[in-house]
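See below for the structure under consideration.
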Amino acid sequence: MSVHPSEPAAAATARPALNLVRLHEMARRGEKIVALTCYDATFTRLLDEAGVDVLLVGDSLGNVIQGLSSTLPVALEHMAYHTACVARARPTGWLVADMPFGSYEADPRQAFEAAAQLMRTGAQMVKLEGGGEMVATVRFLVDRGIPVCAHLGLTPQRVHALGGFRVQGRDDAAAALLRADAAAMAAAGAAMLVLELVPSALAREITLAHPAMMTIGIGAGAGTAGQVLVLHDLLGLTTGRRPRFVRDFTRDPDAGGATLGVAEALRRYVVDVKAGRFPDEALHGY
C-alpha cells in the first residue's frame, strides 16, 4: 500500500516526542530514520509537521546562514543561539546540535563544557567529528549523561587535512581505518553515527556491525539506518556545484519538474526516505 505524502504530517502532529529509545526501536524494525538540518523556529515547525525524526542544528549554518566558505569559523555561541531558536519551537523530533571546530578537541573537559552549554539551550544530543582520537572524549560525555552522535568519513571540520571534499574509505587501508573508528565510537558509547561520503557497501557493513549505534548517511548509499541532508540543498538552494548525493525535492518528477512548495517538498523527502526511494544508489550513492 502506498504512503500518501500528507500522512507524515498527520503522524507528526499526533506522535509523542521522539527519544533515543523510540529511535532505536525504529532502527531495529527497519524503519528508516529521517534527519534534516535546521537552524530556526519557523523551519523547525515545518520539519516537525512533515514528520522529520531528527533535527540537526548543523555547523553548516556557517555556509548557508552566515555566508562563510567553510564551517571552521562557526563559534560555540553561534551554535547555542541557533539551537535555542530550534528548541523554542518545541519539536517532537530529536534535537541534535553540532559541536563546532575548536570547542571539543583539546580534552574531554573542554568538550563537556561546550556540550553542557548546547544542552542547556535545548539540545538533546551533541555531534562531534573524529574517530579513535575522540574515544576518551565520547566516553567522558556519555558517562556524564550527554548522548553523543559521532561523525566519520568526510568530516568538514577537517576538510583541509583531507585534501578537499572527497569520498573517504575507497581503498583497503582507508576502509579498514573507518571500520576501526566506527568500532571505537560504538565501544565508547556513541548512540548515533553520521557517515558522510563513504562507499555504500562500507556504510552498509558498518551499519550491520553496530546495531546499537544508529547510522545516518549522507552520500553513503541506502544501507544506513537513516538519511540526512542539508535543508537548503533539499530545497534546491545549493550555491555552486550541487553534490551528487543531493536531490532537489522542490521539483516534482511526476509532473514534468513542476515546482513544489516547501512543505510539500519536505513531506516528499520524508516519504521517499521512509519508503527507501531516497537515496537511489545509482544516482545518489558512491
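The values are calculated or read from the model by the stated rules, or taken from the named source; none is laboratory data. Bear in mind the structure is a predicted one, so any value in this text is a computation, not a measurement. Cβ atoms come from the backbone with ideal geometry, glycine included; neighbour counts cover every protein chain shown.
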### Task
Quickly run through the range 194-212 and pick out the residues that are surrounded by 19 or more Cβ atoms within 10 Å (Cβ to Cβ), without any contact (Cβ under 8 Å) to a residue 40 or more places away in the chain and among the charged types (D, E, K, R).
Arg204
### Message
Can you pull out every residue in the range 128-161 that is of a type in the set (A, V, I, L, M) and at pLDDT below 95?
### Response
Leu154, Val159, Ala161
### Query
Do we have any residue at all in the range 237-256 that's within 20 Å of Thr71 (Cβ to Cβ), of a type outside the set (D, E, K, R) and in contact with a strand residue (DSSP E or B) (Cβ under 6 Å, 6 or more places away or on another chain)?
no
### Wholly enclosed helices (runs of 4 or more DSSP H) of the range 1-77 bearing at least 2 residues under 21 Å from Phe278 (Cβ atoms) and at pLDDT below 95
7-14
## Note on the structure
Counting only residues in the range 269-286 that are touching a residue at least 60 places away in the same chain (Cβ under 8 Å) and touching a strand residue (DSSP E or B) at 6+ places or on another chain (Cβ under 8 Å), the one nearest to Asp53 (Cα to Cα) is identified as Val270
### Query
Looking at (1) closer than 17 Å to Leu154 by Cβ; (2) out of contact with any Ser or Thr (no Cβ under 7 Å at 6 or more places or on another chain); (3) modelled with pLDDT of 95 or more, which is the one condition that is false for Arg241?
(3)
### Task
Report yes if Ser70 is surrounded by fewer than 19 Cβ atoms within 10 Å (Cβ to Cβ) and on the phi < 0 side of the Ramachandran plot, otherwise no.
yes
### Query
In the range 213-269, which residue that is small (Gly, Ala, Ser) and under 13 Å from Val34 (Cα atoms) is surrounded by the fewest Cβ atoms within 10 Å (Cβ to Cβ)?
Ala222
### Query
Just for the range 120-142: of the residues that are within 23 Å of Val34 (Cβ to Cβ) and of a type in the set (A, V, I, L, M), which one is surrounded by the fewest Cβ atoms within 10 Å (Cβ to Cβ)?
Met125
### Query
So which of Ala111, Ala116, Ala106 ends up being among the hydrophobic types (A, V, I, L, M, F, W, C), surrounded by fewer than 19 Cβ atoms within 10 Å (Cβ to Cβ) and in a helix (DSSP H, G or I)?
Ala116
